[in-house]
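Notes for the one structure printed next.
What follows is calculated from the coordinates using simple rules that are stated; it is not laboratory data. For clarity, every value in this text was computed on a predicted model and none was experimentally measured. Every residue, glycine among them, receives a Cβ derived from its backbone with ideal geometry; neighbour counts consider all protein chains shown.
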Amino acid sequence: MSGELGELYQEIILEHSKAPRNYRRPDSANHEADGYNPLCGDRCSVYIDMEGGKIEEIGFQGSGCAISRASASMMTQMVKGKTKEEAAQLFERFHSLVTGKDEAAAVEELGKMAVFAGVSKFPARVKCATLAWHTLQKAIKDEKEKEPASSA
Ligand code: FES
């Protein structure tokens, strides 16, 4: 991606990396996982409040480069309110996007997150862009979900 559009996309990534959204552990979190990028040693934790298979609340924390932080930030915005199946499908799309496969379909479904398409030209950065997503998948499988309080 080049020219003005490329710059605009770069700005969105920088803005999210400087002021990441949902950078916290929600009090209600009942699923969590830690992720690790072996290429650089950076880490990411993802916390979810999952109720009945739906991501009601989500946050993340960790160290990482601008791409990993921006990706985590935008991911939290994107998957909030989604079911775990929908989140898995979005991850599949995002993975296709950053690895340069099936880009058109991915762009259509990912909206703003399509700014990460440029990552496909830098294979070493794919792990940065997907760190939070892998961690999200792990968190979804975390077995700590509590049963809702019974009204009986
Ligand atoms: Fe470590 Fe990108 S360089 S996550």
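Pairs to check: K82/K138; K18/K141; K82/K141; K80/K112; K101/K127; K84/K112. Give those whose C-alpha atoms are more than 22 Å from each other in this structure.
K18/K141
What is the distance in Å between the Cα centroid of segment 89-120 and that of segment 9-27?
19 Å
Expressed as an acute angle from 0 to 90° and rounded to the nearest 10, what is the orientation of the C-alpha long axis of helix 126-141 relative to the principal long axis of the chain?
Helix 126-141 sits at roughly 10 degrees to that axis.
How would you order 125-135, 58-68, 102-112 from highest to lowest mean count of nearby Cβ atoms within 10 Å?
125-135, 58-68, 102-112
Neighbouring Cβ atoms within 10 Å as the yardstick, rank S73, S45, S28 fewest first.
Lowest to highest Cβ neighbour count: S28, S45, S73.
Could you tell me how many degrees, from 0 to 90 and to the nearest 10, lie between the Cα long axis of helix 84-98 and the main elongation axis, the longest principal axis, of the Cα atoms of the chain?
20 degrees
Grab the other residues whose beta carbon is less than 13 angstrom from that of L90, score K and R as +1, D and E as -1, and report the net.
Result for the neighbourhood of L90: 0.
E51's amide H: which non-local residues (gap 5+, or another chain) put their own amide H closer than 5 Å, with H modeled 1.01 Å from N in plane and none for Pro or chain starts?
Residues meeting the criterion, in which the H sits 1.01 Å from N, are E56.
Using alpha carbons only, how many degrees (0 to 90, rounded to 10) separate the axis of helix 66-79 from the longest principal axis of the chain?
50 degrees
Positive end of the charge dipole of the chain (Lys, Arg +1 and Asp, Glu -1 on Cβ, about the Cα centre): tell me which of L110, V79, L8 has its Cα farthest that way.
It is L8.
Indicate the gyration tensor shape class of the chain (rounded, prolate or oblate), computed on the Cα atoms with a ≥ b ≥ c the square roots of the eigenvalues: a/c under 1.5 is rounded; otherwise a/b larger than b/c is prolate and the rest oblate.
It is prolate, given that a/c is not under 1.5 and a/b is the larger ratio.
If each residue's Cβ is checked for other Cβ atoms within 10 Å, how do K80, K18 rank with the fewest at the top?
Fewest-to-most Cβ neighbours within 10 Å comes out as K18, K80.
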